[in-house]
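Structure record follows, encoded as structure tokens.
The values are calculated or read from the model by the stated rules, or taken from the named source; none is laboratory data. The shown structure was predicted, so the numbers you read here are calculated from the model rather than taken from an experiment. Every residue, glycine as well, gets a Cβ built from its backbone with ideal geometry; the counts of neighbours run over all protein chains shown.
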Amino acid sequence: MATGYHPYTWLAWLATSATAALLTRNPFYLAILIGATAFVYAALTRHQKSSGVASAAETRTATWKPVLKLALALMLFTVLFNALTVHHGRYVLFTLPATLPLIGGPITLEAVLYGMVIGLGFFALILVFSTFNSAVGPQTLLRLVPNFAHQAGVALTIAISFIPETLIAWREIREAQRLRGYRVRKLRDLQPLFVSLLGIGLDRAIQLAESMDARGFGGNLSAPARNERLLTGAGTVAGLLLLLAGLLTRSFGFGPAWSGLGLLAGGAIILVVVFRRQGQRLQRSNYRRWFWRPRDTVVFLIMVAMLAALVALASFFPKQLFYYPYPPYPLLPDFDPFLGLLFALPLMPALLLPAARRGDRRLAPTDL
């Protein structure tokens with residue numbers, strides 16, 4: 001792979017980093033996680049540029065930068081919105097006239113801090129997914145989808161690649177307009193840009209449909225036998241009913257605690273077996289092998305250990321990850337150096353990333 005890691009390693013990194021962003025509201029830990037993820041993103045960009053190959057991965061990394069800028073704008077909006085709408089706290093920064101609807105009243109430091117914490121969580125999550133999509137191409141994601149969800153995986157892959165493809169087309173159109181001397185002076189001047197963007201989008205959609213039809217997409221799915229169709233339907237219904245019964249048991253406390261977990265596990269096992277049998281009807285061919293290297297083992301084990309530690313903390317010591325600035329809780333969050341080190345572990349892929357040799361075509365990401 002061009003990024004030097006197996007796709008399963010990146011999946012483990014994604015699951016661990018996203019879980020870390022979701023489980024904590026402590027701004028110190030979120031800032032450490034954002035710094036570690038940004039370091040990985042920068043390392044990927046530097047690695048792809050130093051290889052000297054104008055690759056698809058380099059294009060993916062560049063096209064996610066506007067998304068990160070949008071995430072920063074979203075974070076600032078979250079701070080402003082929470083500060084103007086939540087008038088609660090001990091430390092009043094200033095007061096707006098009470099005649100102003102909704103925003104009138106005291107603007108407190110606690111509201112600003114909590115808005116910043118929520119914005120940091122959003123930004124950390126978006127940065128994690130942007131880094132993952134920069135490292136793993138849509139074709140690789142499609143190969144990771146199980147056989148039974150192959151068609152849904154194609155739709156998901158197209159949806160994920162929509163933002164980068166749209167941004168690439170936007171830059172191409174703007175560059176062509178500048179070469180022709182076209183300048184945008186008012187909002188109405190953007191109309192030709194959107195018309196061209198719509199035309200390029202439709203053209204690429206038609207090309208994608210033609211290429212999928214030429215490759216026989218969906219044509220290698222064998223028809224199920226009548227008995228197998230009945231078993232598949234009955235198994236799916238039974239699995240879903242067991243999952244629903246398990247959720248109701250866990251939520252409302254019917255019976256012993258282990259009964260809900262048993263129902264959930266039974267439903268999940270039945271669904272896995274049914275989906276696996278459905279996936280066996282689809283024959284897929286992969287023309288490129290993925291290599292598992294020692295650095296994959298190191299990063300994978302570290303991510304699994306971090307994920308287990310986060311789940312254990314959230315289950316048994318939730319106060320270690322909790323932060324709420326409003327009274328009666330303290331304004332300043334707690335900070336544990338060991339937890340800070342734990343949230344810095346997502347930078348491991350950047351530390352173990354091999355040096356790219358300039359012009360090495362083996363590092364060019366085809367992602368087939």
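Values as computed for the structure displayed
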read-out	value
Criterion (surrounded by 11 or more Cβ atoms within 10 Å (Cβ to Cβ), closer than 28 Å to TYR8 by Cα and modelled with pLDDT under 90) met by exactly one of GLY260, GLY267	GLY267
Test: residue in segment 112-133 that is under 30 Å from the mean Cα position of the chain (by Cα), at pLDDT below 85, closer than 28 Å to GLN48 by Cα and surrounded by 15 or more Cβ atoms within 10 Å (Cβ to Cβ)	yes
Of residues in segment 79-105 being buried (at least 16 other Cβ atoms within 10 Å of the Cβ) and farther than 27 Å from ALA38 by Cβ, the one farthest from the chain's Cα centre (by Cα)	GLY105
Single match in LEU321, LEU342, LEU313, LEU301 (criterion: surrounded by 15 or more Cβ atoms within 10 Å (Cβ to Cβ), within 24 Å of the chain's Cα centre (by Cα) and closer than 30 Å to HIS47 by Cα)	LEU342
Hey, PRO349 under 21 Å from the mean Cα position of the chain (by Cα) and over 29 Å from VAL112 (Cα atoms) or not	yes
Within segment 40-71, tally of residues that are at pLDDT 85 or above and exposed (fewer than 14 other Cβ atoms within 10 Å of the Cβ)	1
Test: residue in segment 303-319 that is in a loop (DSSP other than H, G, I, E, B), modelled with pLDDT under 90 and touching a Leu at 6+ places or on another chain (Cβ under 8 Å)	no
